[in-house]
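S.K.: I have a structure here, written as structure tokens, and I will follow up with some questions on it.
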Amino acid sequence: MSSATLEINGISRRFGDVVALNKLEIKIEPGELVALLGPSGCGKTTALRIVAGLESTDSGSVLLRGADITKVSANHRNMGMVFQAYSLFPNLNAQENVAFGLQMRKVAKGNRLAKAGELLELVGLNTQSKRFPHQLSGGQQQRVALARALAVEPDVLLLDEPLSALDAQVRANLREEIRRLQLSLGTTTLFVTHDQEEAMSISDRVGVMNHGRLEQIASPDTLYNKPATTFVASFVGLMNRLPGILTNGKVEVLGQNLSALSSDLANGQVKALVRPERINVTQDQSTPNARVITRSFLGASSRIICEMHDGTIVQSLMTSHGSGMLNPGETVKLEIADLEVLIAHE
Amino acid sequence: MKIRGILLPSTLLAAIIFITLPFGSATEFSFRDGGKTKHSLAAYRWILAQEDFLHYLGVSLRLALGAVFITLLIMVPTVAWLHLRAQKYRPLMEFLTLLPLVVPVVALSIGAQSALPEALQSNEYELSFMYVILAMPYTYRALDIGMSAIPLKTITEAARGLGASWIKAITFVIAPVIRNAVVASLFLTLALSLGEFTLTSLLHWDTFPTWVTSVSQQNIIGAIALSVFSLAAAFLFLFAIGLLTMRSKSDLPEGQE
């Protein structure tokens, strides 16, 4: 399979008054899997469709291996796409569906059916090759769609929320399978999803989009631990918004004086953004600042919901072993385990 | 549950009687030969003896096939285009296609005729265009429902993404998928065209239905026999088309056993 560099250079797209994309810039290295993550209407699917050639741009360009393909029609782009909705051709069986792209490329019948058979085996459906789409489950249909997209040895694999119509278990299995295949074939992949767990678990890098703009693109780890903007911080994972007072780059929150990561805010009341796992809850009775409301057992960890004296609700994630004594109603002390915190407007 | 259990078979029975009784009675009547008990093929022999029978049947078939061709050429791509690229205009199309039911035939015939090119106005094939308009409320709905039942846009985009040109996408994907809807719409056009009387008569053309009306003045049993023949022919058409649209083994795309 071929690996190619894909560059999206300053693409903008409007639909009437709505700005779907605003100067979007992404470069995907050969063999890399990049996920575009964002709320509904943020422009991620529009971006993917522009790369596929199914949507036009108002400005900007798409480069594949350095060549401008912005004006190249969809059927000449050599991209494989898996759609959110089931998109198998209902008049063809699984094998013919997979062989369709090869048929369009005039590959001899024997060769294309053999190749389709191989691809179906790769996605674990070689025994279902003669079945028609209506005889396959949702998960099987998306597997066939994946095999069909890969059969043409695409320069770029485009995945448009391919798992969103599936149930949780099938979803989890299939996403691992997508990653396994993508790694083994080394296909450059652009994956659009609104499910952050999905994006974070299988991507090399995740781009978070909001209102048609890319807020941040980074590895899942960086995105989670060092969000560049307050939107990314609150969109990716859970985040507590604790009241604090900013004074010359220092923020006083939960009685601690920490360095503020955002420097462009004026002194005064702010919100400190802190992950639940960075909040320590202790049974310190001398200087309590909160009260336990609930404790939810999640297996290895437990979620503790506390209420501060000013009514602010704080969520903490602790090991279940360490949180056994924290019962509802108990007064506790909350502390932030970081020396620096991201801050946002009140 | 008990009421539903009785209601369904009774409704079905009533519908069967409603459809078959007039047809059965007409068929029985068409075989009568001078009395209530004597039956023969006289009326059917009389039909075949009419020298204009085959001529007018041929005219109607020709015009009906013309209407089918126009439907295939204009209606099918238009509805497919609405589904693929212009979804927002579907309500407007819904309204427009209802107009032939609302506008009186007299107004429709004069209005539509004057809208046609002059060369067509004095040509019997103008009726083919008129039949397409008259069949539009039914053909549009048959096509619309058929195309709504499948994710036409997604599968077309999938085909394009896999390297299919527009022509190949239509040939290999769209056409086979919407075949049933297209065949249904073509049958509706054909059936309506073969039986259309009012508009044809208003525009002073002679086709099979107008000929049946005129000969019925001479031989009432013969006229009934003609009606039975027309209905039976229409049912045969329906049956043949039904057979054609059924997916058979030989019909499957290549590579499929």
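The values are calculated or read from the model by the stated rules, or taken from the named source; none is laboratory data. No experiment lies behind these values; they were computed from the predicted model shown. Here the Cβ positions follow ideal geometry from the backbone for every residue, glycine too, while neighbour counts run over all protein chains shown. With ligands, DNA and RNA removed, areas are computed over all heavy atoms of the protein, side chains included. Shrake-Rupley method; radii C 1.70, N 1.55, O 1.52, S 1.80 Å.
S.K.: When region B:126-156 is examined, which residues are found to be in a helix (DSSP H, G or I), closer than 27 Å to A:PRO90 by Cβ, without any contact (Cβ under 8 Å) to a residue 40 or more places away in the chain and open to solvent by 10 Å² or more (accessible area, probe 1.4 Å)?
M.R.: B:ILE145, B:GLY146, B:THR154
S.K.: Ok, one more. Just a yes or no: is a residue in region A:150-162 assigned to a helix (DSSP H, G or I) and under 24 Å from A:LEU113 (Cα atoms)?
M.R.: Yes: one or more hits.
S.K.: Consider region A:74-125. How many of its residues are open to solvent by 20 Å² or more (accessible area, probe 1.4 Å), at the interface with chain B (Cβ under 8 Å from one of its Cβ atoms) and among the small types (Gly, Ala, Ser)?
M.R.: 1
S.K.: Name the pairs: first residue in region B:197-215 and part of a helix (DSSP H, G or I), second residue of a type in the set (Val, Ile, Thr) and open to solvent by 20 Å² or more (accessible area, probe 1.4 Å), Cβ to Cβ under 7 Å, at least 6 apart or on different chains?
M.R.: Short answer, once both residue conditions are applied: B:THR198/B:VAL105; B:LEU199/B:VAL105; B:LEU202/B:VAL105; B:LEU202/B:VAL106.
S.K.: Could I ask something else about it? When you go through B:ALA112, B:ALA175, B:ALA169, B:ALA159 one by one, which is the residue that is away from chain A (no Cβ under 13 Å) and either farther than 30 Å from A:ASN97 by Cβ or not in a loop (DSSP other than H, G, I, E, B) (or both)?
M.R.: Values: B:ALA175 fails: away from chain A (no Cβ under 13 Å); B:ALA169 fails: away from chain A (no Cβ under 13 Å); B:ALA159 fails: away from chain A (no Cβ under 13 Å).
Of B:ALA112, B:ALA175, B:ALA169, B:ALA159, the one residue that is away from chain A (no Cβ under 13 Å) and either farther than 30 Å from A:ASN97 by Cβ or not in a loop (DSSP other than H, G, I, E, B) (or both) is B:ALA112.
S.K.: Here's a follow-up. Among residues belonging to region B:207-226 that are open to solvent by less than 30 Å² (accessible area, probe 1.4 Å) and of a type in the set (A, V, I, L, M), point out the one that is nearest to B:TYR131 (Cα to Cα).
M.R.: Only one residue tops the list, namely B:VAL212.
S.K.: Select from region A:295-312 the residues that are without any contact (Cβ under 8 Å) to a residue 60 or more places away in the chain and under 30 Å from the mean Cα position of the chain (by Cα) and list them in ascending order.
M.R.: A:ARG295, A:SER296, A:PHE297, A:LEU298, A:GLY299, A:ALA300, A:SER301, A:SER302, A:ARG303, A:ILE304, A:ILE305, A:CYS306
S.K.: Quick check: is even one residue across region A:123-131 over 30 Å from the mean Cα position of the chain (by Cα), under 8 Å from A:ALA94 (Cβ atoms), assigned to a helix (DSSP H, G or I) and not basic (Lys, Arg)?
M.R.: Within region A:123-131 (the criterion being over 30 Å from the mean Cα position of the chain (by Cα), under 8 Å from A:ALA94 (Cβ atoms), assigned to a helix (DSSP H, G or I) and not basic (Lys, Arg)), the answer is yes, since at least one residue qualifies.
S.K.: A follow-up question, please. Which members of region A:237-280 meet the condition of being free of Cβ contacts under 8 Å to residues at least 40 places away in the same chain and of a type in the set (A, V, I, L, M)?
M.R.: Matches in region A:237-280: A:MET239, A:ILE245, A:ALA266.
S.K.: Pull up region A:42-73, narrow it to residues that are out of contact with any helix residue (DSSP H, G or I) (no Cβ under 7 Å at 6 or more places or on another chain) and polar (S, T, N, Q), then point me to the one that is farthest from the other protein chains (Cβ to nearest Cβ). Before you say what the answer is, go through the steps one by one.
M.R.: First pass over region A:42-73, keeping only residues out of contact with any helix residue (DSSP H, G or I) (no Cβ under 7 Å at 6 or more places or on another chain): A:42-51, A:56, A:58-61, A:63-73.
Add one more test, that the residue is polar (S, T, N, Q), and what stays is A:45-46, A:56, A:59, A:61, A:70, A:73.
Details: A:THR45: 12, A:THR46: 14, A:SER56: 13, A:SER59: 22, A:SER61: 20, A:THR70: 16, A:SER73: 8 Å.
Checking each candidate, the answer is A:SER59.
S.K.: Can I ask one more? Give the residue that is least open to solvent (accessible area, probe 1.4 Å), with candidates limited to residues of region A:135-149 that are outside any loop (DSSP other than H, G, I, E, B) and of a type in the set (S, T, N, Q).
M.R.: Step by step, filter region A:135-149, then rank; the result is A:GLN142.
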